[in-house]
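The values are calculated or read from the model by the stated rules, or taken from the named source; none is laboratory data. From a predicted model like this one, the values you see are computed outputs, not experimental measurements. As a convention, Cβ positions derive from the backbone with ideal geometry for all residues, glycine included, and neighbour counts pool all protein chains shown. To get the accessible areas, we keep the full protein, side chains included, count just its heavy atoms, and leave off ligands, DNA and RNA. Shrake-Rupley method; radii C 1.70, N 1.55, O 1.52, S 1.80 Å.
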Amino acid sequence: MRARGEADHRPHAVAPAAQHWHRAPMSRIGLLGGSFNPAHRGHRGISLQAIRALELDELWWLVSPGNPLKDHATDMAPFAARLASATRMARHSRIRATDIERRLGTRYTLDTLRKLVARFPDHDFIWVMGADNLAQFHRWRGWREIARTMPIAVIARPGYDRRARASVAMGWLRRHARPAGQAKRWTNWSLPALVLLRFRPDPTSATGIRAADPAWHRHPTPNQIPTRTAMKG
């Protein structure tokens, strides 16, 4: 029970479960962090495929209040607009767009993940990121500790795979890589553990959307609205 005045940091408030004599199964939750500047169909597509490949109950989008590696970006939309675009793109799916990182007051991924693990002891978490992030993962604060905190699923991205496989972080993580065919067993892996997943690529990119429409956050574009096909996924 929370103390009076303590904030509820869950992505969605949930009614207390009925008491049972047996322990309820752990929820399998994927975590995908990012600026979502803006969220688009590519984010949704890889998330839905990751949900299937990893057999997730939900995948949470952690919309970042500010990425330390993008502190000098001049085209970063306001946080409220980025969260709204993520919420819109996540509709009618097991994706949850959240502002939990802002409410936790964390700036670095390692701090966020440690707080989530402590706050949700009935959840199994796996960190999900693109190959572009693996290529620069060694620049993240405490990246080895992130790998020791929860398993990592890396999703291939066109143009980044070679750099990701040759990266400093992959040099350390390679010995801990698991076959993609075992991806659904990630809750049983000892840490560190990493799995490389390859899905059909989507050419949509946030950079392209911003280049075509720098004022995207004032009016959603078609790439920021799920299609009927994507909603069925």
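Tabulated data
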read-out	value
Built amide H within the under 5 Å cut-off of TRP60, gap 5+	GLY30, LEU31, LEU32, ARG96
Solvent accessible area, Å² - ASP122, 1.4 Å probe, full protein context	80
Extension gain, ALA180 back to ARG91 (0.36 nm per residue minus Cα-Cα distance, nm)	29.2 nm
Theoretical FRET efficiency, 1/(1+(r/R0)^6), r = Cβ-Cβ of THR204 and VAL117, R0 41 Å, to 0.05	0.80
For the stretch 26-102, with +1 on Lys and Arg beta carbons and -1 on Asp and Glu, the positive-most of ILE51, SER35, ALA81 along the dipole	ILE51
Over the stretch 94-211, equivalent-ellipsoid semi-axes from the Cα gyration tensor in Å	22, 20, 15
Net charge dipole size for the stretch 120-214 [Lys, Arg +1 and Asp, Glu -1 on Cβ; Debye, nearest 20]	440
Part-to-part distance (alpha-carbon centres) for the stretch 46-118 and the stretch 124-189, which is given in Å	17
Label point distance in nm, ASN188-GLU55, each placed 7 Å from Cα along Cα→Cβ	0.9
Rounded to the nearest 20 debye, dipole of the stretch 70-184 from Cβ charges on Lys, Arg, Asp, Glu	200
Accessible area, probe 1.4 Å, largest first, for residues HIS176, HIS217, HIS40, HIS92	HIS92, HIS217, HIS176, HIS40
